[in-house]
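Working notes, beginning with the structure itself.
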Amino acid sequence: MVSRERPDPRPGSVRTAVVWDALGPVLSGEPCDVVDIGGGTGGFAVRVAQAGHRVAVVDPSPDALAALSRRAREIGVEVAGHQGDVSGLLDVVGPESADLVLCHGLLEVVDAAAALATIRKVLRPGGTVSILVAQRHAAVVARAMAGHLSQALALLEGDEQSERGARAGRPPRRFTAAEISDLVEQAGFAVSAVHAVRVFTDLVPGSLLDQEAGAASALAELERAVAERPEYLPLATQIHLLAT
Ligand SMILES: C[S@@+](CC[C@H](N)C(=O)[O-])C[C@H]1O[C@@H](n2cnc3c(N)ncnc32)[C@H](O)[C@@H]1O
């Protein structure tokens with residue numbers, strides 16, 4: 001039996017429900033300046049702009065920026081898209097220019113320590129960074145369950161070399177909650193929250209969410225219930241951190 005207290009979310013939004021919950025209080029005040037580094041096609045940026053904030057996306061991919069423009073236009077919001085790399089972020093947006101920096105899905109593919117140092121310079125005093133990274137142990141389990149046992153073993157040791165990484169010439173990195181927290185603190189931030197994201201969502205069959213009324217809401221409720229429980233961090237596909 002599933003609860004229908006909230007409207008049934010789309011499966012895609014179940015994946016990000018915990019992150020949006022965490023960002024809610026940060027975005028609830030006066031309009032502020034938000035930089036989404038590696039913001040891609042604007043899945044986060046457009047919704048933040050809809051909430052009334054001034055948003056700039058910096059991303060090296062022209063295709064992603066074009067999709068971002070289309071998405072913003074369709075929704076009727078303004079998002080400034082800049083083609084650029086995190087290493088040149090300061091030149092694009094300027095020092096102490098942001099109240100909030102979104103850094104979602106980026107630290108896996110760049111020099112994470114250098115990126116965090118740059119983000120720190122872009123943030124105004126008292127500003128917040130929202131970080132979302134892939135979590136290593138869930139990937140080990142997923143690879144093993146799919147029968148890719150040697151890949152699972154390589155991931156376990158932290159020396160993964162996925163196909164995507166090999167193509168890009170750099171292995172995407174996955175982090176444990178402790179590793180990403182340490183890196184963020186070493187960059188001079190104070191971590192204020194750590195969340196387990198997508199603990200169950202990638203395990204539940206999509207057909208269940210499509211066919212059973214209320215299943216998506218129940219899944220989002222379950223994700224929310226474990227998001228702040230440290231014992232679920234190693235089971236989460238992603239780790240989300242807020243830091244100031
Ligand atoms: C996994 S996607 C994440 C997109 C978006 N942040 C999200 O959470 O939906 C990673 C994004 O990082 C961008 N990216 C890759 N290398 C980058 C770099 N060196 N500097 C800035 N962005 C980069 C990619 O173009 C891509 O849009």
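Suppose each label sits 7 Å from its Cα in the direction of the beta carbon; what would the Leu153-Glu228 distance come out to in nanometres?
It is 4.1 nm.
Using alpha carbons only, how many angstrom separate the centre of region 80-133 from the centre of region 200-244?
27 Å
With a Förster radius of 25 Å, plug the Cβ-Cβ distance of Arg73 and Ala213 into 1/(1 + (r/R0)^6) and report the FRET value to the nearest 0.05.
Calculated transfer efficiency: 0.15.
Which value, in Å² and to the nearest 10, is the accessible area of Arg224 when all protein chains are kept and the probe is 1.4 Å?
70 Å²
Place +1 on the Cβ of every Lys and Arg and -1 on the Cβ of every Asp and Glu in the chain, take the dipole about the Cα centre, and give the residue among His240, Ala49, Gly158 whose Cα lies farthest towards its positive end.
Positive-most Cα among the choices belongs to Ala49.
Label points 7 Å out from Cα along the Cβ direction at Asp85 and Ala144: separation in nm?
3.8 nm
Heavy-atom accessible area per residue, the chain, 1.4 Å probe: how many Å²?
With all protein chains present, the chain gives 50 Å² per residue.
Given Cα pairs under 8 Å that are at least 6 residues apart, what percent is the relative contact order of region 1-130? Walk me through the numbers before you get to the answer.
Details: 197 pairs, mean separation 31.1, N = 130.
Relative contact order here is 24 percent.
Roughly what % of DSSP beta bridges within the chain run antiparallel, to the nearest 5?
40 percent
Could you quote the convex hull projected area for region 62-107, Cα atoms only and averaged over all directions, in nm²?
3.9 nm²
Mind listing P(r) for region 28-90? All alpha-carbon pairs, 5 Å bins, whole percents.
Pair shares across the bins are 4, 22, 32, 23, 13, 5, 1.
If you place +1 on the Cβ of every Lys and Arg and -1 on the Cβ of every Asp and Glu, how big does the dipole about the Cα centre of region 44-145 come out, in debye to the nearest 20?
Computed charge dipole of region 44-145: roughly 300 debye.
I want to verify the translational diffusion coefficient of the chain in µm²/s; compute it with Stokes-Einstein, Rh as the Kirkwood radius over Cα pairs, at 4 °C and 1.567 mPa s.
In µm²/s, the coefficient rounds to 69.
Pull out a ≥ b ≥ c, the square roots of the eigenvalues of the alpha-carbon gyration tensor of region 104-244, then state rounded if a/c is under 1.5, prolate if not and a/b is larger than b/c, and oblate in the remaining case.
Oblate, because a/c is 1.5 or more while a/b does not exceed b/c.
Calculate the dipole size of the chain relative to its Cα centre from +1 charges on Lys and Arg beta carbons and -1 charges on Asp and Glu beta carbons; express the result in debye to the nearest 20. Before the final figure, lay out each step's value.
On the way: 22 positive and 30 negative charges, 59 e Å.
My answer is approximately 280 debye.
Leaving ligands, DNA and RNA out of it, report the carbon-plus-sulfur percent of the accessible area of the chain at a 1.4 Å probe.
Heavy-atom surface of the chain belonging to carbon and sulfur, 1.4 Å probe: 52 percent.
The values are calculated or read from the model by the stated rules, or taken from the named source; none is laboratory data. It should be emphasised that the depicted structure is a prediction, and the values quoted were computed from it without experimental measurement. Cβ coordinates were reconstructed from backbone atoms using ideal geometry, including for glycine residues, and neighbour counts include every protein chain displayed. These area figures cover heavy atoms from the full protein model, side chains too; ligands, DNA and RNA do not enter into them. Shrake-Rupley method; radii C 1.70, N 1.55, O 1.52, S 1.80 Å.
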